[in-house]
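Novice: Below are the structure tokens for one structure; questions will follow.
The values are calculated or read from the model by the stated rules, or taken from the named source; none is laboratory data. Here the structure is a predicted model, which means the values were calculated and not measured. Cβ sites come from the backbone with ideal geometry, for glycine too, and all protein chains shown count toward neighbours. Accessible surface is based on the protein model in full, side chains and every heavy atom, while ligands, DNA and RNA are left aside. Shrake-Rupley method; radii C 1.70, N 1.55, O 1.52, S 1.80 Å.
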Amino acid sequence: MTEERLGISEIGGGTAIFWTELELWAGEGRSTQRNNLRYLCAKLRIHMRNLLFTLPILMSFLCLETAVLSAQTTGAPHLEKRGAATQLILDGKPFLMLSGELHNSSSSNLEYMKPIWPRLKAMSLNSVVTPLSWELIEPKEGSYDFALVDGLIEQARDSQQKIVFLWLASWKNGLSSYEPVWVKQDTKRFPRMVLHSNPVEILSPQGAATEEADARAFAALMKHIKVADGSEHTVVMMQIENEVGVLGDSRDHSEAANKAFASAVPAELTAYLKAHRETLYPDLKDWWDANGNKTAGTWTEVFGDSERADEIFMAWHYARYIHAVAKAGKAEYDIPMYANTWLMGDTTPPGEYPSGGAEPRVMDVWRAAGPGLDFYSPDIYAPNFTEWSRRYHRDGNPLYVPETRGGELGAANVFYALGEEAGLGFSAWAIDSEASDTNPLGQSYKAIAGVAPLLAEAQSKGDVHGFLLDNNRRTANFTMNGVTLHLSLDKSFGSAATSAFGLIMATGKNEFVGVGKGFRVTFVARADGGQQVGIAGVDEGTYEDGKWVAGRRLNGDENEQGVAWRFDSKQVRTEKVELYRF
Ligand code: DGJ
């Protein structure tokens, strides 16, 4: 009997039926064991039966294993450093987000959203930054309602869109209006800030219970998203809170905040400053240097007795809170998470803009406060788009622009963000107001979508440049593949472009692909090469399923009789140029 048990159990998948049969068989009497033939037949019968029984189990294990393996191969949406770029990887491939952010209240109602989705699709968006508020998710403490989340995910899928959810919870634009009413009315448990000696209706980041409640709700949300979307990956990223910071004062003056402000700067922060001294953002470094690079002391001792110390203090406390919310969410479902920022000019005092938000000058403080957030983003409404982009694309922080202007301006800026700063994505604010198939940003999105796989590869190889030209910056030069590309505003037969935008990728030793409008390119081989270059041919075209489909051969007036690679001002075009060297 023991021997049989062992023999049978070698097959694996031992089952109750199987054991019962064996025991019965054994129980028939040891004498039967002497009958070898009968013994073998019975054993074979049992093996066969066992196989039949275990096959489906084995198969389902195999399927499960395959599912687990493929989930591991593709994984949840995540950020990956690929060569020169940090990219959002979706189902194994880089995904460049061509997005818009909805008005704050649009996504609070599924019926309201219904007619918006087709317009977003018609504008060639592939993703939508979609507000989602705490008050609607947890109207009663501990009781969650995810019907809206499920509905939005379903609508997005029907419209082939991805979602970046925007968690509007403790703060939005420096104020607190999206927390549920059970939080609003309990000022004892969920303390408020004091500004200029007045208690105000803004949650204080000092409130441990508030942080816990926000984090708990966010964790529940992420847990739900994992169940609803863990295999389809419609939700690709999460923004936590919105443009946080103190407005109207440079810091919170509540009792708890005053106590914390009079205490020592946390050792994690000073250790970070010390360890990253060489790469600190220049303003922060200057303030720290000016006060003697102290590694211990109160906030004013380390950063000086000014509003800047207040700003750094607030940055630390918002960051610490938001990292904790992110961490709780990531423990349930780990997808990229970020914070966005209301930007302000360098000399404006903190408090006139939200003091403590992740401005470039305090981004190091946010980074020091924890690992919950993956990156920090600018909401760029200011005219100097390129400068703000550069300030955020630095020291390992990738550029993602969750809010900016759309229309003509956005149509140009998206090329700079994705082409020059290896951006993860670009999102025009209030997209539901402007979405249409004739929107200029939509034309840019359509053209960029056509070259997206190529662009993602060029971003990682560092083989792409994006640019904006106008009457203040009429030319630009880039060197790629040993050739200098000289760009200028396009002109032809007396008509001259006044602005231009685009991106150019090096796609082969003598081949470049460009997308944009209003510029012309001439080529100069590098002086040390001793060679000259000429234009072998220019084609306009499109990429279909990754394959180049050539349209017109552009020659004559269209390439200045072989002298320049031209992109006229009429529309955004995709063109390929082949060079020869001599
Ligand atoms: C910036 C905010 O982040 C958005 O939610 C929205 O309120 C816009 N400002 C309005 O201009």
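Novice: For segment 201-218, give me each residue that is within 30 Å of residue 343 (Cβ to Cβ) and open to solvent by less than 40 Å² (accessible area, probe 1.4 Å).
Specialist: 202, 203, 204, 205, 207, 210, 211, 213, 214, 215, 217, 218
Novice: While we're on this one: How many of the residues making up segment 378-399 are buried (at least 23 other Cβ atoms within 10 Å of the Cβ), within 14 Å of the ligand (Cβ to nearest atom) and not β-branched (Val, Ile, Thr)?
Specialist: So the count comes out to 1.
Novice: Separate question: Working only within segment 400-418, note down all residues that are open to solvent by 40 Å² or more (accessible area, probe 1.4 Å) and within 14 Å of the ligand (Cβ to nearest atom).
Specialist: Correct list: 405 only.
Novice: May I ask you to verify whether residue 175 is in contact (Cβ under 8 Å) with a residue 12 or more places away in the chain, within 16 Å of the ligand (Cβ to nearest atom) and open to solvent by 50 Å² or more (accessible area, probe 1.4 Å)?
Specialist: Yes, satisfied.
Novice: While we're here: Provide a single number: the residues in segment 100-119 that are within 16 Å of the ligand (Cβ to nearest atom), open to solvent by 50 Å² or more (accessible area, probe 1.4 Å) and not in a loop (DSSP other than H, G, I, E, B).
Specialist: The total comes to 1.
Novice: Identify, from the list 228, 213, 209, 217, the residue that is in contact with a Lys or Arg (Cβ under 6 Å, 6 or more places away or on another chain), outside any strand (DSSP E or B) and farther than 23 Å from residue 344 by Cβ.
Specialist: 209
Novice: Can you run down the residue pairs with Cβ atoms below 6 Å, 6 or more apart or on separate chains, where the first is in segment 419-441 and within 16 Å of the ligand (Cβ to nearest atom) and the partner is β-branched (Val, Ile, Thr) and in a helix (DSSP H, G or I)?
Specialist: 426/414; 432/116
Novice: Residues of segment 523-582 being touching a residue at least 60 places away in the same chain (Cβ under 8 Å), assigned to a loop (DSSP other than H, G, I, E, B) and open to solvent by less than 80 Å² (accessible area, probe 1.4 Å), which ones?
Specialist: Within segment 523-582, 546, 560, 568, 569, 572 qualify.
Novice: Residues to consider are 234, 279; find the one that is open to solvent by 10 Å² or more (accessible area, probe 1.4 Å) and either more than 16 Å from the ligand (Cβ to nearest atom) or aromatic (Phe, Trp, Tyr) (or both).
Specialist: Among 234, 279, only 279 is open to solvent by 10 Å² or more (accessible area, probe 1.4 Å) and either more than 16 Å from the ligand (Cβ to nearest atom) or aromatic (Phe, Trp, Tyr) (or both).
Novice: Follow-up. Do we find a residue being polar (S, T, N, Q), over 22 Å from residue 216 (Cα atoms), more than 16 Å from the ligand (Cβ to nearest atom) and in a helix (DSSP H, G or I) anywhere in segment 340-353?
Specialist: Taking every residue of segment 340-353 in turn, none turns out to be polar (S, T, N, Q), over 22 Å from residue 216 (Cα atoms), more than 16 Å from the ligand (Cβ to nearest atom) and in a helix (DSSP H, G or I).
Novice: Can you tell me which residue among 296, 290, 328 is out of contact with any Leu (no Cβ under 7 Å at 6 or more places or on another chain) and within 21 Å of residue 259 (Cβ to Cβ)?
Specialist: That would be 296, the only listed residue that is out of contact with any Leu (no Cβ under 7 Å at 6 or more places or on another chain) and within 21 Å of residue 259 (Cβ to Cβ).
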